[in-house]
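A quick write-up on the structure given underneath.
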Amino acid sequence: MRRGLEIKALVLLVGMLGALTAWRAEEVSLDNVGLSEMTIWQISQPSRENLDNADKCRGSFLRTEVKKGNLVKKLKICLVLSKATGQPSFQLLMQDEQEVIETRVYEALIRKAVNNENRGPGSYEYRLLPGECVYGEESVRTVQLPPKPLANTSVRINAMEFVTDEEGIVQDSDMRLRILDSLDTLRRRTMDFIVEVPGMPSQLYTVFRTMPQRRDYDEKLLDEPAEQDILQCYHLNFRQSLMQPEQNELACSVESEQISGLLRTGEWFPITVVVANHGTRQTSCLLGRTFSRIPGLNGKLFYFGAIAPGSTARFTRYFKIAPEELVNQAFVEVRFSDSWSTLKQRIPFDLRFVH
């Protein structure tokens with residue numbers, strides 16, 4: 001009798017333990033008691049210690065990690081017009097280039113080889129490896145930060161000393177750069193300038209001028225940036241017209257107040273040529289050139305390009321006569337030509353000098 005009671009109690013105890021185990025499993029699955037869902041998930045994931053014949057491989061893409069590399073400072077040169085004189089000059093800017101390295105990050109997986117029971121090729125089983133990731137491809141790109149003016153800095157251009165203003169524009173009140181003068185010869189269309197800034201390597205900057213006047217030496221090359229073209233700097237249209245341009249109805253003159261008084265030798269003075277188009281067609285690659293027996297007044301080009309009907313264009317050049325010329329009066333004539341022929345218009349005027 002006693003042994004039968006013990007057996008019944010044992011059976012009852014086993015039943016109670018089974019019910020309790022099922023209840024706790026249900027509670028854990030419902031996340032009501034015991035470990036958290038994240039902890040149970042981490043415990044359930046594999047590790048390389050408990051997997052035989054397993055290796056680490058790349059899973060799904062997670063994110064891109066970005067880190068900054070070297071910061072390189074570069075000198076940027078722009079061809080601009082001086083506000084004081086209206087003549088071409090250079091603006092110097094500091095351009096920061098930031099190297100950015102991007103790395104792709106992936107999930108880390110454990111790959112386990114599973115043998116085929118029928119001695120076939122088998123397969124692989126993949127499980128997520130918690131707490132680890134795999135780094136993949138790297139890409140490097142360069143980001144250009146906004147340029148800043150190189151303000152109030154002493155620089156050297158073609159071995160001559162200059163100073164920049166607040167906007168980084170080279171101040172050239174003595175007209176030593178002579179950018180326009182270097183291109184007064186039609187057969188020459190480029191001019192090189194060597195720019196030196198303290199702490200930076202010297203840089204070669206080439207100024208171009210393109211006038212399509214059916215000459216082989218005036219053709220634009222593919223490696224010539226448009227922003228370095230002197231005519232682009234003046235916003236002039238020098239595309240050749242396919243039709244007969246306006247040549248007759250042009251009124252050409254020189255601003256009288258600039259030549260009416262006495263001019264001093266050895267000093268720069270401006271001359272502005274004005275062309276008004278009273279015709280019905282635009283001009284084509286219109287140019288003016290000075291002719292004089294005085295070297296400082298001869299052979300200076302005035303650029304006009306395409307002047308629309310009813311419009312007026314002005315162009316200013318600066319002149320200087322050497323004191324040793326010892327002239328009191330000089331005769332100058334401005335003649336015009338375009339991409340089709342020489343024009344009949346001419347502007348004669350006299351200049352008077354004091355020493």
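Would you say VAL140 is hydrophobic (A, V, I, L, M, F, W, C), in the same structural domain as LYS68 (by TED's automatic domain parsing) and modelled with pLDDT under 95?
Numbers: hydrophobic (A, V, I, L, M, F, W, C): yes; in the same structural domain as LYS68 (by TED's automatic domain parsing): yes; modelled with pLDDT under 95: yes.
It is true that VAL140 is hydrophobic (A, V, I, L, M, F, W, C), in the same structural domain as LYS68 (by TED's automatic domain parsing) and modelled with pLDDT under 95.
Determine, yes or no, whether PRO270 is in contact with a Phe, Trp or Tyr (Cβ under 6 Å, 6 or more places away or on another chain) and surrounded by fewer than 16 Cβ atoms within 10 Å (Cβ to Cβ).
Spelling it out, PRO270 is indeed in contact with a Phe, Trp or Tyr (Cβ under 6 Å, 6 or more places away or on another chain) and surrounded by fewer than 16 Cβ atoms within 10 Å (Cβ to Cβ).
Is it the case, given these coordinates, that ASP229 is at negative phi, of a type outside the set (Ser, Thr, Tyr) and modelled with pLDDT of 90 or more?
Values: at negative phi: yes; of a type outside the set (Ser, Thr, Tyr): yes; modelled with pLDDT of 90 or more: yes.
Taking the combined requirement at face value, the residue satisfies it.
Conditions tested, residue by residue: (1) at pLDDT 90 or above; (2) of a type in the set (Lys, Arg); (3) more than 19 Å from the chain's Cα centre (by Cα).
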position	(1), (2), (3)
ASN158	yes, no, yes
PHE162	yes, no, yes
ARG189	no, yes, yes
THR206	yes, no, no
PRO212	no, no, yes
GLU224	no, no, no
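Could you grab me the full set of residues in the range 137-160 that are hydrophobic (A, V, I, L, M, F, W, C) and more than 30 Å from GLU102 (Cβ to Cβ)?
If the condition is that a residue be hydrophobic (A, V, I, L, M, F, W, C) and more than 30 Å from GLU102 (Cβ to Cβ), then LEU150, ALA151, VAL155, ILE157, ALA159, MET160 are the ones that fit.
So GLY59 passes all but one of these: (1) crowded, with 16+ Cβ neighbours inside 10 Å; (2) closer than 30 Å to LEU180 by Cβ. Which condition number does it fail?
Just one mismatch for GLY59, condition (2).
Here are some residues: LEU79, LEU75. Which one is modelled with pLDDT of 90 or more, of a type in the set (A, V, I, L, M, F, W, C), touching a Cys at 6+ places or on another chain (Cβ under 6 Å) and surrounded by 15 or more Cβ atoms within 10 Å (Cβ to Cβ)?
LEU79
Condition test on LEU180, is it aliphatic (A, V, I, L, M) and not assigned by TED's automatic domain parsing to the domain that holds GLU102?
Numbers: aliphatic (A, V, I, L, M): yes; not assigned by TED's automatic domain parsing to the domain that holds GLU102: yes.
Yes; evaluated as a whole, the condition is true for this residue.
Name the single residue that is farthest from GLN345 (Cα to Cα) among those in the range 241-251 being assigned to a loop (DSSP other than H, G, I, E, B) and at pLDDT 90 or above. Before the answer, list the steps.
First, pick out the residues of the range 241-251 that are assigned to a loop (DSSP other than H, G, I, E, B): 241-249.
After this cut, where a residue has to be at pLDDT 90 or above as well, the list is 245-249.
Values: PRO245: 14, GLU246: 12, GLN247: 9, ASN248: 8, GLU249: 10 Å.
Per the stated criteria, the residue is PRO245.
Take LEU204 and decide whether it is buried (at least 16 other Cβ atoms within 10 Å of the Cβ), part of a strand (DSSP E or B) and not acidic (Asp, Glu).
In short, no.
Within the range 317-324, is there a residue that is hydrophobic (A, V, I, L, M, F, W, C) and surrounded by 20 or more Cβ atoms within 10 Å (Cβ to Cβ)?
Initial filter on the range 317-324 (hydrophobic (A, V, I, L, M, F, W, C)): 319, 321-322.
From what is left, the residues that are surrounded by 20 or more Cβ atoms within 10 Å (Cβ to Cβ) are 319, 321.
Yes.
The values are calculated or read from the model by the stated rules, or taken from the named source; none is laboratory data. Note that the structure is a prediction, hence the values are computed from the model and not measured. As a convention, Cβ positions derive from the backbone with ideal geometry for all residues, glycine included, and neighbour counts pool all protein chains shown.
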